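Everything on this sheet refers to the single structure shown next.
The values are calculated or read from the model by the stated rules, or taken from the named source; none is laboratory data. Remember, predicted model here, so these are calculated numbers, not experimental data. We place every Cβ from the backbone using ideal geometry, glycine too, and count neighbours over all the protein chains shown. Accessible surface areas use protein heavy atoms only, side chains included; no ligands, DNA or RNA. Shrake-Rupley method; radii C 1.70, N 1.55, O 1.52, S 1.80 Å.
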Amino acid sequence: VIEKQLDTLLTCQRVSSTSFPVDVLPLSLKLTPNPSQGETTVSFDLDKAGQVSLEIFNLMGQKVKRLSPVFYRSGKQQIDLQASELPSGVYTVRAAVQAQGEKQQIGVTLMVIQ
């Protein structure tokens, strides 16, 4: 049942580069493992160094967790995300990157907590 619901959600909420405002660039996020028990690793690749902020939203759009912005260098990056305090369900993970003098990059993906 959860797999079928997740498949429906993924189909309805796919994010493409054309769904971002003109002044925002897409950022590709990968969660491993996903589904998880509340602990997952968020992986992404930065073209330029910048401040990265990470937020988690429930399916009603309410922010349920926010990590303080952290400066990351360019290249492959990982953030260990601890969300074991959240109940089982489907959540939206949003990462925003702001490099000095550059357009903001936004990445959105779904996270399933079992």
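Observations on the structure shown:
- Some residue of segment 96-104 being open to solvent by 10 Å² or more (accessible area, probe 1.4 Å), touching a residue at least 60 places away in the same chain (Cβ under 8 Å) and within 18 Å of Leu59 (Cβ to Cβ): no
- Considering segment 63-83, and only residues there that are in contact with a Ser or Thr (Cβ under 9 Å, 6 or more places away or on another chain) and surrounded by 15 or more Cβ atoms within 10 Å (Cβ to Cβ), the residue that is farthest from Ile113 (Cα to Cα) turns out to be Gln77.
- Of Leu54, Leu81, all but one fail to be in a strand (DSSP E or B), more than 19 Å from Leu25 (Cβ to Cβ) and of a type in the set (A, V, I, L, M); the exception is Leu81.
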